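Read the structure below first, then the notes.
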Amino acid sequence: MIDQRPIDLADILAFHLEAGVDVAVDEAPMNRFAESAQEAARPRPQLPERTQAEPAQAVAPPRGPTPQRPAAAAPRAAPPASQVASSALITQAPDEAVMSARELARGAGSLAELRAIMEGFEGCALKRTASRLVFADGNPKARVMFVGEAPGRDEDQQGLPFVGRSGKLLDLMLAAIGLDRTSAYIANVIPWRPPGNRTPTPQETAVCLPFIARQIELANPDILVCLGGPSAQALLATTEGITKLRGRFMNYDTGSRSIRAIATFHPAYLLRTPIGKRLAWRDMLAVEAALRTERA
Ligand code: URA
């Protein structure tokens, strides 16, 4: 039998939480469908002058009445600055965004410069829904760098990687081999939180990859530790699963140097699957041993 109980606010909130909507990214709700319709109706930039060979239709204005603004996009109060900025975002085609990320990342001469470049980068749609850039934590001069997948809610709120539950476990893993955030550098492949912690798309990963690659090159650690399959797959350019990838050293080419890289289970996975801690412990011991031998 169908439950006739009227839906109350608590039910609606619970529904949103379950769907992964756990933060409000703006003061007022946004109608993204109306935004897309508005964008589609926006006049396109003028094409360059037509040559003789081009058919007239190619540059002729569209026939029929001017498209109406959709009702849902009716005038409203001036949007907050964050929305004005975000509506100007993502005008780049996917390949262009990747190329532009590569070029911008290459131009960064220091981690501070890279961070500033990423703050101003408009080619990744995740920036629209994230509260802020999550660049890095720890010591950029450390000999070991840990790279996770993408920030979660706590990281998005604090602007620092691995500060939530999995961050607490990462801290314990570091402590187990005598490290902490003064002797390790920590970042993510994706520096903006995907909405509702969804998995980043391959396109989002491709756009963010040049930035983390440059971040690794500039930090120049002796050992790189990929936390979880998505990080290992993106950085080590492989499709192998984490169970096979973990625990063995590989070479990671920074562009200026080859460094030793190892993958281990992501702390979030270990929270769900404590039996994996035995193998993660082994991986951490391998990192400790490598730190003793590499450029000590
Ligand atoms: N998971 C990640 O991969 N990165 C974080 O910063 C937090 C959780």
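Filtering segment 207-251 down to residues that are of a type outside the set (A, V, I, L, M, F, W, C) and under 15 Å from Val144 (Cα atoms), which residue is most open to solvent (accessible area, probe 1.4 Å)? Break it down stepwise before answering.
Taking segment 207-251 and keeping what is of a type outside the set (A, V, I, L, M, F, W, C), we get 210, 214-215, 217, 220-222, 228-231, 233, 238-241, 243-244, 246-248, 251.
Filter once more, keeping what is under 15 Å from Val144 (Cα atoms): 215, 217, 220-222, 251.
Working: Gln215: 3, Glu217: 49, Asn220: 57, Pro221: 2, Asp222: 2, Asn251: 119 Å².
Among those residues, the one meeting the criterion is Asn251.
If you go through segment 114-121 one residue at a time, do you hit one that is at pLDDT 50 or above, in contact with a Pro (Cβ under 7 Å, 6 or more places away or on another chain) and away from the ligand (no atom under 16 Å from the Cβ)?
Within segment 114-121, the subset at pLDDT 50 or above is 114-121.
With the extra rule that they be in contact with a Pro (Cβ under 7 Å, 6 or more places away or on another chain), the set shrinks to 118.
Now restrict to residues that are away from the ligand (no atom under 16 Å from the Cβ): none.
No: zero hits.
Would you mind telling me which numbered condition in (1) open to solvent by 50 Å² or more (accessible area, probe 1.4 Å); (2) within 14 Å of the ligand (Cβ to nearest atom); (3) over 15 Å from the mean Cα position of the chain (by Cα) Gly164 fails?
All conditions are met except number (1).
Go through segment 246-269 and give me each residue that's without any contact (Cβ under 8 Å) to a residue 40 or more places away in the chain and within 16 Å of the ligand (Cβ to nearest atom).
Of everything in segment 246-269, those that are without any contact (Cβ under 8 Å) to a residue 40 or more places away in the chain and within 16 Å of the ligand (Cβ to nearest atom) turn out to be Arg246, Ala263, Thr264, Phe265.
In the set Phe162, Phe146, Phe211, which member is under 23 Å from Thr239 (Cβ atoms), of a type outside the set (A, V, I, L, M), touching a strand residue (DSSP E or B) at 6+ places or on another chain (Cβ under 6 Å) and touching a residue at least 40 places away in the same chain (Cβ under 8 Å)?
Phe146
From (1) open to solvent by 50 Å² or more (accessible area, probe 1.4 Å); (2) away from the ligand (no atom under 16 Å from the Cβ); (3) modelled with pLDDT of 95 or more, pick out the condition that doesn't hold for Arg128.
The failed condition is (3).
Exactly one of these conditions fails for Leu218: (1) in contact with a Ser or Thr (Cβ under 8 Å, 6 or more places away or on another chain); (2) within 16 Å of the ligand (Cβ to nearest atom). Give me its number.
Tallying (1) in contact with a Ser or Thr (Cβ under 8 Å, 6 or more places away or on another chain); (2) within 16 Å of the ligand (Cβ to nearest atom), Leu218 fails exactly one: (2).
So which residues in segment 131-153 are within 12 Å of the ligand (Cβ to nearest atom), out of contact with any helix residue (DSSP H, G or I) (no Cβ under 8 Å at 6 or more places or on another chain) and closer than 15 Å to Ala184 by Cβ?
Scanning segment 131-153 gives Asp137, Gly138.
The values are calculated or read from the model by the stated rules, or taken from the named source; none is laboratory data. Please read all numbers here as calculations on a predicted model, not as lab measurements. Please note: Cβ atoms are built from the backbone with ideal geometry, for glycine as well, and neighbour counts cover all protein chains shown. Side chains are part of the model used for accessible areas, which takes the heavy atoms of the whole protein and leaves out ligands, DNA and RNA. Shrake-Rupley method; radii C 1.70, N 1.55, O 1.52, S 1.80 Å.
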